[in-house]
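All remarks here apply to the structure that follows.
The values are calculated or read from the model by the stated rules, or taken from the named source; none is laboratory data. Computed from a predicted structure; not experimentally measured. Here Cβ is always computed from backbone atoms with ideal geometry, including for glycine, and neighbour counts include all displayed protein chains. With ligands, DNA and RNA removed, areas are computed over all heavy atoms of the protein, side chains included. Shrake-Rupley method; radii C 1.70, N 1.55, O 1.52, S 1.80 Å.
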Amino acid sequence: MAKIATVITNMFEDSEYTEPAKAFKDAGHEVVTIEKESGKQVKGKQGEATVTIDKGIDDVNAQDFDALFIPGGFSPDQLRADERFVDFAKDFMDAKKPVFAICHGPQLLITAKALEGRKATGYKSIAQDMKYAGADFVDQEVAVCQDQLVTSRQPDDIPAFNRESLKLLEGK
């Protein structure tokens, strides 16, 4: 089963973390939460979820994981201000490991300059940013690119996001 790195901080979109994380765990995968320091608690923007961080960013390496999960909300925008998270995400894209990003999650991939020539989707407010980053932006519930990148737009798309993410993990 896959070991999935999950980069997350305060103000993540609650359901965009909790529902995929549950689906991954229910399928037997390991979900490891990563923030600036381990043991810290981060809260979702809806106030429905609190997550205790498993690992600090300085204690992890992309080679130790099989996939990367980036929940949406304000979390990815905050994380992309820290080069350590940008480099971590870029390492997954460069290694062609599965990357799952929902809603505002692709913001981290924009900053990592990892979307050029990639079919992808995201929340409507970042569509233009994704296009500027060279992505082939599509407005659909889920986009799968090169058997590596799975993106979705919003919480309503979570069932399709989970389905395609799990399907991609099955093939690895």
Fill in the blank from the handout: Of the candidate values (i) 14.0, 38; (ii) 15.5, 44; (iii) 18.3, 60, the one computed for Rg and Dmax of the Cα atoms in Å from this structure is (i)
Problem - Residue-span extension gain [Lys96 to Lys3] - 0.36 nm each, minus C-alpha spacing - result: 32.0 nm
Handout entry: Rounded FRET efficiency, nearest 0.05, which uses the C-beta distance separating Tyr132 from Asp26 and R0 of 45 Å
Key = 0.75
Practice task
For the chain, give the share of DSSP beta bridges that are antiparallel, in percent and rounded to the nearest 5; count only bridges with both residues there.
Solution key: 30
Handout entry: Per residue accessible area in Å² of the chain, where ligands, DNA and RNA are left out and the probe is 1.4 Å
Key = 45
Handout entry: Eligible aspartates and glutamates near Lys45 by straight Cα distance, threshold 17 Å, same-chain separation 8 or greater
Key = Glu13, Asp14, Glu16, Glu19, Glu35, Asp77, Asp156
Completion exercise
Distance in Å, no decimals, from the C-alpha centre of segment 118-172 to the one of segment 50-108 is 15
Problem - segment 9-104, dipole about Cα centre (Lys/Arg Cβ +1, Asp/Glu Cβ -1), debye to the nearest 20 - result: 100
Handout entry: Exceeding the 30 Å Cα-Cα cut-off - candidates Lys40/Lys131; Lys55/Lys113; Lys40/Lys119; Lys40/Lys167
Key = Lys40/Lys131; Lys40/Lys119; Lys40/Lys167
Exercise for the section: Determine the share of the chain's accessible area contributed by carbon and sulfur atoms, expressed in whole percent, with a 1.4 angstrom probe. Expected result: 42
Problem - Helix-only mean residue ellipticity at 222 nm for the chain, each DSSP H run of n ≥ 4 adding -39500 (n - 2.57), per residue, nearest 500 - result: -9000 deg cm²/dmol
